[in-house]
Structure formats: C-alpha cells, structure tokens
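The values are calculated or read from the model by the stated rules, or taken from the named source; none is laboratory data. It should be emphasised that the depicted structure is a prediction, and the values quoted were computed from it without experimental measurement. Counting neighbours? That spans all protein chains shown, and the Cβs are built from the backbone with ideal geometry, glycine included.
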Amino acid sequence: MGYEEVSNAYRVYDIEADQVVISRDVTFDESTFSFSPTLLQEIVDDTALDIESMNISDEPHPMQFKKTGKRKSRSNSQEQALQRTLPERRGTGFEEASAPDDFETHQAKRRSSARANLDEERKGSDEDSEDATPQVFWRASVNAVEGTDLSEPTTFKDAVDGPDQVHWRKAICAELDSMKLRGVLRAPKQPAGQHTIGTKWVFNIKRKADGSIEKYKARLVAKGFKQKYGIDYTETFLPVVKYVTLRMVVAITKYFDWTLDLLDVVTALLCGEMKEKVFCAIPEGVEVDEDFDCFELLKAIYGLKQASRVWNENFHEFVCSIGFQVSDFDPCLYLKITSGECVLLLVYVDDVLVTGSSTELIMRTKSDLKARFEMTDSGKCAFVLGIEMVYNDNGSVTICQRRYVEDVLKCFGMTDCKAVTSPISS
C-alpha cells in the first residue's frame, strides 16, 4: 500500500487479519496476484447487496453544503471492496451526467451514486449527493480565501497608494537604505550576452505572539526561478537548527536557570558576498541615470537560490573566528568554552538564540555579533520560529504553537469548532 511516512518501511495490507502492517522485511511475490478476476468478481458479488440496499436516485438534485455530523463506522474490508468496484472519477463532479444510453453507462452512474451515498453516510446525513468530495474542496478553498490577511499588499503600486502607504513607504526606504549601506548593488552597463534577473517587491507584516503588529517589512526579492545552474549559482543548501536541538537547549537553560535571549539579524541575506556575477533588472521605485540599464549584485539579496547559503557561510566564518566551535550533532549549534564557562549559539537563518552559564560571556558575545552584523536584541526569548515560550511561575517553560493553530483554523473557517485536549484523554 506504499511507504510509511515516518520510517523506512512498507505499509502492507494483511487480508486475513484485515489490518495494515508496517514492516521493513517484505518479499514481493510477483508470480501470483491476490486480486485475480475470479476473486474480484466474488468481492463484487458480495458487495452487490450493499449497493442495491442503498437509496440511490437517478433524478438530478441540487447539491447542499452541510456541517459534518457523527461518523458511522464501516469496516475497512467493506469500504475497500466497494472502492475496487468503482470506476475512476473524471471531471469536477459539478456537472450533471447525460442520460444513460447503454447498460455500462447506467452501471457507472449507479456506482457513482453509491459512492456519493457512502460519502454522505460518513457525514451522518441521509440526504443524497452525487459527489461530496468537490464540495469539501471548494468549501475549504473559499474559507482559505476569506481567511487571507488582506492588509498585506501584493504589488508595489498597492503598497505606495494603499491605506497604509506611510508605513510601506518607510519600509521600502529602509530596505533601499540598507542595501546602499551594505554596498549590495552596483550600476554598470549590461555586458553583451549577459541575461538579467527580474525583481519584485514583497511586503509582509511581522506580528508578535499575540497577533499585534510589530513592524512593516518590505523586501526586494530576485526572481530566482530565472537563474541558470552553473552560471548564476551552484550550491544552494542551507543548514538550519534542528527542532530537537532547540527543545534540548531550552530544557538545559531551565535546568541550570540560564537566560535565553533572541537576536534578529537585520536584512541578514544582504551580508553575504556573491561569488558569481549576477545582474538584475532595475526595481520599481528606483531611479538611475540613463547610462545604466541594470544592476550588478555584489552581495546576495532575497530570492536568489544561493542567498541563504551565502549568508550562512559568512556567519559561520565569523563566529568561528571569535572562538566558537560547531557541534558534531547539529551544524547550527555553536559552542564556546572560556575559563570553565560556556556560551551556546543556535542559528536558524537570521534568528540567533544565545544562552550560557556566564552573563558576562553572553554580553561579550552579543557585543561581538552586533559589531559585525546589524542586529535587534529582543532580550528574553518569548516567540521564535512560530513557537511561543510561556515561562511559568514554578520555573518551568511551556512551548506551544497556539498562534499557528489559530491561523490555520482561521484560514479554513473553523475558528468556532469544538476544541479537544491534546493528547486526547482516554
């Protein structure tokens, strides 16, 4: 039945035990086939009674969206046998089929109606429906559109002419000033035969753990899909800290009562030196002399395939130069030991977590990092990588993704659904 999602094993259906077994040691016997035509016909005959007993109507009827009720149980063997008798569905299911001209067409329609009744039975409804799957799909799609944050503009014109244009204009100017300060762009004449990469402005509202607005962000992003391998880029892999490492370090900090601070590198990807020659088109909102028709990227910008890797190489080179060593367990965990005291760094792209046994050593490390990179010090870490950290009165810390779950529920229109405890109580 395929591969197991969380391990290197097969999912095998045991016909006699009527259950799915996960195993790594599987021998495939291709000389026999359990579902031969004779056996398949017996299964069809066994399920014929179930199909005939259903309330199947050939009359057209309008589709209705209904809330899901309690599910009725049906054995896996019955459900799989019924699905084997059904032909492959075609189309969206929203168009009524024409009247049957022969026996095969009539049988196909009855089987389609039988599947519809099976879907309705799962929903706990006695009303007929020709095909329930597209209803669920389109309902989810509509709710996803309704749950989209419409306050973020999608184009440069929407940003500079919209209701929040003051904030977005400041964000655009801050991005251009940052690029100018770091010497990201140079305006040359485009070399003959050299292709250019397009650019696009991307706007994002950074929010706090409670959902309130922290700041407006504008990024000039390269259209990296136009890059050519071997010419504009080579390696693209970027290591990031493992979540198990993050949880382990959080546990260590609470056990030894260490502080855990969060540093955010400002426009981190603009700090990486480019190794390849890459030219980009002149972005919207940027004016240059008529003598220039493109920009050369001296440093990486967002959107380039190698941008994150270039930044990581730059950061890795610097922290190693100030005495840090890379963990053998995680390439984004850095350790420094001085006079019996230690300090740890966890890096996830442009987010840096700092902790250690010595407050003085932590402050010295922060000072070194801020002298090399422009950073914002958020102090005690409360929200990182979509994970909220709640510090309890008894000294423990609880990590959760409450805001992420709320965003998902809002996206699919399920903010009023009934909550259950997790893990589920027995």
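Note on the range 174-191: residues that are part of a helix (DSSP H, G or I) and either more than 29 Å from the chain's Cα centre (by Cα) or in contact (Cβ under 8 Å) with a residue 60 or more places away in the chain (or both) total 8.
Being in contact (Cβ under 8 Å) with a residue 24 or more places away in the chain and either farther than 30 Å from LEU333 by Cβ or surrounded by 19 or more Cβ atoms within 10 Å (Cβ to Cβ) (or both) is the filter here; which residues of the range 229-244 pass it? ILE231, ASP232, TYR233, VAL241 - these are the residues of the range 229-244 that are in contact (Cβ under 8 Å) with a residue 24 or more places away in the chain and either farther than 30 Å from LEU333 by Cβ or surrounded by 19 or more Cβ atoms within 10 Å (Cβ to Cβ) (or both).
Has the range 235-255 got any residue that is more than 24 Å from the chain's Cα centre (by Cα), charged (D, E, K, R), closer than 30 Å to CYS400 by Cα and in a loop (DSSP other than H, G, I, E, B)? No: the range 235-255 contains no residue that is more than 24 Å from the chain's Cα centre (by Cα), charged (D, E, K, R), closer than 30 Å to CYS400 by Cα and in a loop (DSSP other than H, G, I, E, B). Would you point out the residue of the range 328-351, among those that are under 27 Å from the mean Cα position of the chain (by Cα) and over 25 Å from LYS275 (Cα atoms), that is surrounded by the most Cβ atoms within 10 Å (Cβ to Cβ)? Filtering first and then ranking leaves LEU346. Within the range 355-362, identify whether any single residue is without any contact (Cβ under 8 Å) to a residue 40 or more places away in the chain, surrounded by 14 or more Cβ atoms within 10 Å (Cβ to Cβ) and assigned to a helix (DSSP H, G or I), and answer yes or no. There is at least one residue in the range 355-362 that is without any contact (Cβ under 8 Å) to a residue 40 or more places away in the chain, surrounded by 14 or more Cβ atoms within 10 Å (Cβ to Cβ) and assigned to a helix (DSSP H, G or I). State whether the residues of the range 399-408 include one that is of a type in the set (Lys, Arg) and over 26 Å from ALA209 (Cβ atoms). Within the range 399-408 (the criterion being of a type in the set (Lys, Arg) and over 26 Å from ALA209 (Cβ atoms)), the answer is no, since none of the residues qualifies. Tallying residues that are loosely packed, with under 14 Cβ neighbours inside 10 Å, of a type outside the set (Ser, Thr, Tyr), within 23 Å of the chain's Cα centre (by Cα) and in a loop (DSSP other than H, G, I, E, B) within the range 386-416 yields 3. Screening PHE329, PHE315 for residues that are in the same structural domain as VAL250 (by TED's automatic domain parsing) and part of a helix (DSSP H, G or I) leaves exactly one candidate, PHE315.
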